[in-house]
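Before any comments, here is the structure.
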Amino acid sequence: MTARKPYPSDVSDDEWALVAPYLTLMPEQCGQREHALREVFNGLRYVIKTGAPWRWMPNDLPPWAAVYQQAQ
């Protein structure tokens with residue numbers, strides 16, 4: 001994945017260190033994970049902070065359906 005310009009809603013390194021252990025049921029390097037967990041979390045925060053509909057998520061974040069599925 002190429003580096004993207006961060007959004008104001010992106011999780012900081014300190015915040016990520018706090019929440020990551022609660023979100024990871026399988027290792028980050030697991031072959032089943034198609035999108036980085038941090039980026040999925042950033043997508044969820046984007047929707048929550050902006051109030052945007054799921055389908056209006058920016059294209060440089062993971063697909064809305066992947067973020068929605070993980071949020072469920």
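Tabulated data
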item: First in the stretch 12-23 and within 11 Å of residue 42 (Cβ to Cβ), second anywhere and modelled with pLDDT of 85 or more, Cβ under 9 Å, 6 or more apart; result: 16/38; 16/41
item: Unmet criterion (only one of (1) surrounded by 10 or more Cβ atoms within 10 Å (Cβ to Cβ); (2) out of contact with any helix residue (DSSP H, G or I) (no Cβ under 6 Å at 6 or more places or on another chain); (3) at pLDDT 90 or above) for residue 68; result: (2)
item: Matching residues, the stretch 39-62, being farther than 14 Å from residue 8 by Cα, part of a loop (DSSP other than H, G, I, E, B) and within 10 Å of the chain's Cα centre (by Cα); result: 62
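The values are calculated or read from the model by the stated rules, or taken from the named source; none is laboratory data. Remember, predicted model here, so these are calculated numbers, not experimental data. Heads up, the Cβs are rebuilt from the backbone with ideal geometry, glycines too, and the neighbour counts pull from every protein chain shown.
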